[in-house]
Amino acid sequence: MKIPRSHPRYESLVRREQLVRAWKEGIVAPEGLIAHGRGEAWDYLFGEGTSAPALVAERAAAAYLVSARRPVISVNGNVAALGGRDVVQLAKAIPARIEVNLFHRSEDRVKRIVRLLERFGAKDVLGLRPNARIPGLASRRALSHREGIFSADVVLVPLEDGDRAEALARMKKTVISIDLNPLSRTSQRSTIPVVDELSRALKNIEKFVKELRSDPKEVARLRRGYARADNLRAVYSFLQWRLDRLRRGVPARSRPGRKRASLRKT
Ligand code: ATP
């Protein structure tokens, strides 16, 4: 389907088309389409832009990723379909390993996702021959690689489910989630919840990684200064501010200054 650029929901419709195409190609599970809808609803509430608190979390995430000993990015079907290229670029910038981990796992789907990531330039993608298990997880999601997620110190888990985020945190890993739902168990359990849309978040984190790679002092300052609970409180305050404006009749899509969101607000 050709979506006209002038359509007010152009980007959202393009994402849906990407997901449906990826579902037809055996990359996305049908359940992934439903999970996407939940994310879209939250993005409406946030005004479809990165909030100031999300930027703060993205910068902290970048600081943890560049200073990690063994950083790994976990990829599922939706992440591959919507942000595959962004993941590969971020992994190169850090540099980090990529591991495919699926809730609805099939060997065929893992292979297809690995191939897609390789087309975007990824090398040595893990996921096909897992040789370890994450303790405390009954499902096939527990399957992992010793040289990947199992022994990682910092794991980026975009669009994760709460059980695995919790299990990874129990292993004392720094868990960075990307999830538009601040109330999901994932956002509640992860060490650094990034409450933002997947591709916006990946691009922002990559930009911050490039800035921070050569600035260890700033990395240390960010690691010290990031306060998870305060940041989530700022996310809720932001939502409240949005809803107050809507209550007062300010149009939903009007977010003056959103591109200039200050990093000092939280
Ligand atoms: P949990 O188990 O953590 O409580 P859940 O049951 O909602 O969460 P999933 O069904 O796996 O978990 O959904 C994945 C999450 O990803 C949802 O919370 C949804 O809001 C979020 N999400 C979906 N699409 C996007 C996207 N493009 N960007 C950011 N977040 C998204």
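The values are calculated or read from the model by the stated rules, or taken from the named source; none is laboratory data. This structure is a prediction, so every number in the text was calculated from the model and none was measured. Note that each Cβ is placed from the backbone with ideal geometry, even for glycine, and that neighbours are counted across all protein chains shown. Accessible surface is based on the protein model in full, side chains and every heavy atom, while ligands, DNA and RNA are left aside. Shrake-Rupley method; radii C 1.70, N 1.55, O 1.52, S 1.80 Å.
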Skipping prolines and chain starts, which residues have an amide H placed within reach, meaning under 5 Å, of the one on V75, given they are 5 or more residues away or on another chain? E99, V100, N101
Listed residue (A41, L102, L143) projecting farthest to the positive dipole end of the chain, Cβ model: A41
Whole-percent carbon and sulfur share, accessible surface of the chain, 1.4 Å: 52
How many Å² of accessible area per residue for region 11-266, probe 1.4 Å? 48
Between the alpha carbon centres of region 5-72 and region 80-120 the gap in Å comes to 15
Could you tell me which trypsin sites (Lys or Arg not before Pro) in region 45-102 are loop residues by DSSP with no more than 16 other beta carbons within 10 angstrom of their beta carbon? R69
Kindly provide the Kirkwood hydrodynamic radius of region 119-266 in Å, to one decimal, from all pairs of distinct alpha carbon atoms. 17.6
Here, trypsin sites (Lys or Arg not before Pro) of region 103-172 satisfying both criteria (DSSP loop; at most 14 other Cβ within 10 Å) are K123, R146, K172
Which cross-chain or sequence-distant (5 or more) residues have an amide H under 5 Å from the amide H of L143, H modelled 1.01 Å from N in plane? I134
If you wrap a convex hull around the Cα atoms of region 47-100, how much volume per residue is inside, in Å³? 84
Using the Kirkwood formula on alpha carbons, the hydrodynamic radius of region 1-76 in angstrom works out to 15.1
Pop out the ³J(HN,Hα) list for region 167-181 in order, Karplus 6.51 cos²θ - 1.76 cosθ + 1.60 with θ = phi - 60°, rounded to Hz; leave Gly and Pro as x. 5, 5, 5, 4, 7, 6, 8, 7, 9, 9, 9, 10, 7, 5, 8
Leaving out ligands, DNA and RNA but keeping every protein chain, what accessible area does W241 have, in Å² rounded to the nearest 10, with a 1.4 Å probe? 110
For region 67-137, what size does the Cα cloud have along each of its three principal axes, sorted from largest down, in whole Å? 30, 27, 18
Calculated from backbone phi, Karplus (6.51, -1.76, 1.60) coupling profile of region 117-123 in Hz, x at Gly/Pro: 5, 5, 4, 7, x, 6, 10
Translational diffusion coefficient of the chain at 4 °C, 1.567 mPa s, Stokes-Einstein with Kirkwood Rh over Cα pairs, in µm²/s as a whole number. 69
Given contacts defined as C-alpha pairs under 8 Å and at least six residues apart, what's the relative contact order of region 11-266, whole-number percent? 25
Suppose we keep just the DSSP beta bridges with both residues in the chain; what percent of those would be antiparallel, to 5? 10
How big, in percent, is the set of alpha carbon pairs in region 103-187 lying more than 23 Å apart? 22
Relative counts (whole %) of C-alpha pair distances in region 137-201, using bins that are 5 Å wide: 4, 21, 30, 24, 15, 6, 0
Calculate one ³J(HN,Hα) per residue across region 16-26 by plugging θ = phi - 60° into the Karplus curve 6.51 cos²θ - 1.76 cosθ + 1.60, and present them in order as whole Hz with x for glycine and proline. 4, 4, 4, 5, 5, 4, 5, 5, 4, 7, x
Selected from E118, E99, E160 as most flexible by GNM, with the chain as the system and alpha-carbon contacts under 10 Å: E118
